[in-house]
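I have placed the structure first, in the form of structure tokens, so that the comments after it can refer back to it.
The values are calculated or read from the model by the stated rules, or taken from the named source; none is laboratory data. Predicted model only: the values in this text are computed from it and were never measured. Here the Cβ is made from the backbone with ideal geometry for all residues, glycine too, and neighbour counts use every protein chain on show. Accessible surface areas use protein heavy atoms only, side chains included; no ligands, DNA or RNA. Shrake-Rupley method; radii C 1.70, N 1.55, O 1.52, S 1.80 Å.
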Amino acid sequence: MKLAVPLVGWKLKFDRRMFATLLGVLFYTAGILLFLSFTRKGGVLIILHDELTYRFGGASLLIPIFLLLAGSHFFQTKKLKFITYNVTIGFLLLCVSLMGVLKTGQFGQMMWLNLISDFSLPGAIILLFVTFLVGLIFFFNTSLDIIILFVVTVFNHIVSFFSEKFFGKAL
């Protein structure tokens with residue numbers, strides 16, 4: 001199927017797969033450029049880095065990863081699948097919830113203040129925690145009971161490690 005794009009009096013016709021590939025290359029290029037901006041070398045890259053850290057704070061490192069994840073969807077065919085949609089959606093939800101809880105950057109602070117004013121402090125914390133859990137469920141393509149079991153297992157290992165370290169025996 002062709003996609004027609006009017007451009008100053010003439011029509012350019014793109015094949016859908018070619019258009020998707022072009023979008024994927026643009027997403028990958030943006031992600032790579034944002035990663036390179038962390039080197040802080042080059043005028044444009046410094047401006048990109050400053051803007052990225054102003055808007056997203058410490059979570060700015062996650063934005064290029066998200067662009068690479070999103071860009072990989074444009075290269076998929078029936079035979080070749082890089083990544084599934086649930087991974088990208090889960091990663092986005094994890095990023096949003098972490099930005100809100102940690103209040104990183106302008107977006108994180110704005111999100112936190114809006115949630116506090118709309119839902120109160122406990123409501124904002126619950127909403128961001130649920131968003132984080134849903135993000136984990138999507139990202140790992142698993143269920144809530146598996147995530148809870150994992151958290152309990154890790155917690156038990158941490159407690160037994162510190163109890164052996166400080167008390168000489170496991171609890």
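Looking at this structure, is LEU22 outside any loop (DSSP other than H, G, I, E, B), closer than 24 Å to MET110 by Cα and either at pLDDT below 95 or of a type in the set (S, T, N, Q) (or both)? Steps first, answer last, please.
Details: outside any loop (DSSP other than H, G, I, E, B): yes; closer than 24 Å to MET110 by Cα: no; either at pLDDT below 95 or of a type in the set (S, T, N, Q) (or both): yes.
Here the answer is no, as LEU22 does not meet what is asked.
Go through region 10-34 and give me each residue that's open to solvent by less than 80 Å² (accessible area, probe 1.4 Å) and under 30 Å from GLY58 (Cβ atoms).
First pass over region 10-34, keeping only residues open to solvent by less than 80 Å² (accessible area, probe 1.4 Å): 12, 14-15, 19-21, 23-25, 27-31, 33-34.
Answer for region 10-34, where residues must be open to solvent by less than 80 Å² (accessible area, probe 1.4 Å) and under 30 Å from GLY58 (Cβ atoms): LEU23, GLY24, VAL25, PHE27, TYR28, THR29, ALA30, GLY31, LEU33, LEU34.
The criterion of at least 3 residues that are open to solvent by 40 Å² or more (accessible area, probe 1.4 Å) and in contact (Cβ under 8 Å) with a residue 12 or more places away in the chain is met by the following helices (runs of 4 or more DSSP H) wholly inside region 58-171: 62-72, 85-102, 105-140. Residues in region 27-57 that are in contact with a His (Cβ under 8 Å, 6 or more places away or on another chain) and not in a helix (DSSP H, G or I): ARG40 alone.
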